[in-house]
Amino acid sequence: MLTKEENELLTQVGPETPAGTLLRRYWYPVSLAQDITDDSPTKFVRVLGEDLVIFKDKSGRLGLLADKCSHRNASLVYGRVEERGISCAYHGWLYDCEGNILETPPEINEAITKSVKQRAYKIKEHIGLLFAYLGPDPAPPLPPYDTMFRKDGTRMVRVHPPLNCNWFQAMENSMDPAHLQVLHQEFIGRGREPVNTTRGYTDDVEDFIFYMTDYGGLMKKRTYKNGMIDQHPVLFPNILRQGSSTQFRTPIDDTHTLHIRMHFYPNADGSEDPNAFDPEILIDPPNKTDPEKDHPFTKFILHDVNSQDQMAWETQGPITDRTAEHLSYSDRGVVMLRRIMKEQIQLVHEGKDPIGVFRDANHPIIDTNIDEGVAQITSNRSPEASIVDNK
């Protein structure tokens, strides 16, 4: 279990918090690109506890600014998009994509355009998504993961219902291989029936280990009694790679998380696909009987693996009370993730880059190997040589 202070250290994502400072070193998908159109050129988003507005000016440039106008706090979501930027609907203060004030129509003294600047962040479009970076300059490039940059296949982006819980609960689940055989037993039997619903398919598994990849991913490896092995990484801090899918968990604030899944389907002949970066878009319906309410005042509709996961994450509470938990052998991956998170917070505090930040814009694509639906990592060292002791 953790102390209250340790729990807060791992879960608070706002500005100036230790975890929030770390998490601002990464790019996050914050919206579908298709949500920004000529007819609807602005969108409100909350990212890492900050209220922001995405807009596209009439020159075609994307901007990401603090939502509240620097003049008197009116929302820029209702601003008028112009050739050079976005103009606040209240008094007409005009901002460019970098947050510079270009005009203040009612004002006589133009000095304010030099002394005031709207908070602005970087945003870019890629694979049908808008990615935001809220950290210090210079911003790193997007991480060079294969499923994000390969051209030899097609993609599908699936937006899940937002999670009414802290992002770290979803990530701990990704380092918890034991839940698969119990929570998801209805969907993994392949025609078999479990011994009973308490054990599910737990007896199928010989053991599991955890280790770090050469590029900083956290790997879980599950070995079955029939000799089959599956392993897939958590790409620090917020991505789960599994099979064809890359799952992004973007912290909205301390108690809400955006959940987006991107599937990459490679062409059998290895040929480049002209639509590789133009994905099909799917929007999942809510997984609750009353989507406007939270547990226990609504019930989850457990119709697939995703809804089962959402139930498990959200019913822990908006921020689970880790002072009341009792960890055991199967939780070694959870312990590892928490330790890595603390280590990366400290690295950033020391002015260093954390794992998962790649500064070289020409970095080779990192191969997370899609092999018969199982994501496996090619490493220069054997997994057994890299096992982390999590006792």
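Here are a few things to note about the model shown:
- Selected residue (criterion: surrounded by the fewest Cβ atoms within 10 Å (Cβ to Cβ)) from residues of region 256-277 that are part of a loop (DSSP other than H, G, I, E, B) and in contact with a Gly (Cβ under 8 Å, 6 or more places away or on another chain): Asn267
- Subset of region 40-59 [in contact (Cβ under 8 Å) with a residue 12 or more places away in the chain and in a loop (DSSP other than H, G, I, E, B)]: Pro41, Leu48, Gly49, Asp57, Lys58, Ser59
- One residue from Gly200, Gly191 being surrounded by fewer than 19 Cβ atoms within 10 Å (Cβ to Cβ), of a type outside the set (Asp, Glu) and out of contact with any strand residue (DSSP E or B) (no Cβ under 9 Å at 6 or more places or on another chain): Gly191
- When Leu282 is tested against (1) in a strand (DSSP E or B); (2) over 18 Å from Asp146 (Cβ atoms); (3) touching a Phe, Trp or Tyr at 6+ places or on another chain (Cβ under 6 Å), only condition (3) is not met.
- A count restricted to region 43-70 and to residues that are of a type in the set (S, T, N, Q) and either surrounded by 21 or more Cβ atoms within 10 Å (Cβ to Cβ) or closer than 14 Å to Ile252 by Cα (or both) stands at 0.
Rundown of residues vs (1) among the β-branched types (Val, Ile, Thr); (2) touching a residue at least 60 places away in the same chain (Cβ under 8 Å); (3) in contact with a strand residue (DSSP E or B) (Cβ under 6 Å, 6 or more places away or on another chain), yes/no style:
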| residue | (1), (2), (3) |
| --- | --- |
| Thr320 | yes, yes, no |
| Thr323 | yes, yes, no |
| Leu327 | no, yes, no |
| Asp331 | no, yes, no |
| Ile340 | yes, yes, no |
| Glu343 | no, no, no |
| Phe358 | no, yes, no |
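- Some residue of region 223-233 being surrounded by 19 or more Cβ atoms within 10 Å (Cβ to Cβ) and closer than 21 Å to Phe149 by Cα: yes
- Every residue from region 218-244 that is of a type in the set (S, T, N, Q) and touching a residue at least 60 places away in the same chain (Cβ under 8 Å): Gln231, Asn238, Gln242, Ser244
- Qualifying residue in region 251-267 (condition: farther than 30 Å from Asp353 by Cβ and of a type in the set (A, V, I, L, M, F, W, C)): no
Bear in mind that the values in this text are calculations on the coordinates, not laboratory data. All of these numbers come straight from a predicted model, not from anything done at the bench. Note: ideal-geometry Cβ built from the backbone for every residue, glycine included; neighbour counts use all protein chains shown.
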